[in-house]
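The values are calculated or read from the model by the stated rules, or taken from the named source; none is laboratory data. Note that this is a predicted model, so its numbers are computed, not measured. Here the Cβ positions follow ideal geometry from the backbone for every residue, glycine too, while neighbour counts run over all protein chains shown.
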2 protein chains.
Amino acid sequence: MDAVFRALADPTRRQLLDSLHARNGQTLNALCERADMTRQAVTKHLAILEEANLVTTVRNGREKEHYLNPVPINEIAERWIGKFERGRLAALSDLKQRLEREEP
Amino acid sequence: MDAVFRALADPTRRQLLDSLHARNGQTLNALCERADMTRQAVTKHLAILEEANLVTTVRNGREKEHYLNPVPINEIAERWIGKFERGRLAALSDLKQRLEREEP
DNA sequence: TTGACATGCAACCAAATGGTTGCATATTAG
DNA sequence: CTAATATGCAACCATTTGGTTGCATGTCAA
């Protein structure tokens with residue numbers, strides 16, 4: 001879970017996920033074309049995404065296909081974000097009340 | 001949005017959000033008691049959470065109350081995570097169709 | 001008023017991060 | 001076979017990050 005959050009923290013990595021979301025199974029070089037950095041930098045980002053289980057790879061000859069795995073994102077949405085959403089309305093009205101009390 | 005993702009990347013900060021979720025409006029010292037670091041370190045984390053608009057503060061005399069703001073988390077859930085969840089179901093049904101076609 | 005308490009600010013430090021370059025390896029095409 | 005292509009590995013570097021210590025400021029209570 002921590003690995004997923006840290007993987008999502010970087011905009012470049014989110015852009016890579018976006019790219020895979022648009023076209024799944026892209027090769028490393030294909031992903032590099034859309035990114036403004038060296039291939040090796042992209043490789044590092046992909047390794048972090050893989051470690052967070054957000055990307056799965058399949059070796060195909062000398063190429064490596066990258067597939068998006070949305071399960072960890074789904075888990076975060078359900079197990080972590082859901083908790084805060086449930087408390088959302090209550091917290092907002094609570095904050096509003098306190099602010100109004102501050103300024104009579 | 002980027003600030004929110006980066007703020008959520010650190011486990012200490014997520015723990016602070018948890019703490020505020022359990023008891024909203026806590027003071028800095030109160031938040032420090034649950035954290036295993038100096039007050040100044042907690043201050044820095046809270047500043048990052050504030051900059052991401054995840055935490056709002058109200059000065060109350062010599063104390064400062066911290067309130068959780070779940071709106072940015074909600075926005076991420078709706079605008080960003082939702083996209084991948086939609087793709088997930090599509091991918092699943094796609095996989096299901098392929099499997100069914102594979103095995104007639 | 002004075003001392004204790006809550007927070008703020010700044011300098012400093014080690015480690016992690018994000019990127020580069022250079023070279024190695026493996027596979028496919030001609 | 002050989003050359004081009006696709007990826008892997010490692011060393012190196014600058015900046016950011018997460019933490020510390022030390023001191024300053026502001027507020028409440030006795």
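Below are the figures for this structure:
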| item | result |
| --- | --- |
| Subset of the stretch B:16-32 (residues that are more than 10 Å from DNA strand C (Cβ to nearest atom) and more than 20 Å from A:A9 (Cβ to Cβ)) | B:S19, B:L20, B:H21, B:A22, B:R23, B:N24, B:G25 |
| Filter result for A:E50 (part of a helix (DSSP H, G or I) and within 13 Å of DNA strand D (Cβ to nearest atom)) | yes |
| Where B:T27 falls short, out of the listed (1) over 20 Å from B:A77 (Cα atoms); (2) within 13 Å of chain A (Cβ to nearest Cβ); (3) in contact with an Asp or Glu (Cβ under 8 Å, 6 or more places away or on another chain) | (2) |
| Residue match in the stretch A:7-23 (condition: at pLDDT 95 or above and in contact with an Asp or Glu (Cβ under 8 Å, 6 or more places away or on another chain)) | yes |
| Residue in the stretch B:8-16 that is surrounded by fewer than 17 Cβ atoms within 10 Å (Cβ to Cβ), under 19 Å from A:F5 (Cα atoms), free of Cβ contacts under 8 Å to residues at least 24 places away in the same chain and in contact with a helix residue (DSSP H, G or I) (Cβ under 8 Å, 6 or more places away or on another chain) present | yes |
| Residue ID - modelled with the lowest pLDDT, chosen from residues in the stretch A:33-84 that are polar (S, T, N, Q) and within 16 Å of DNA strand C (Cβ to nearest atom) | A:N60 |
| Failed item in (1) at pLDDT 95 or above; (2) within 13 Å of chain A (Cβ to nearest Cβ), with B:M1 passing the rest | (1) |
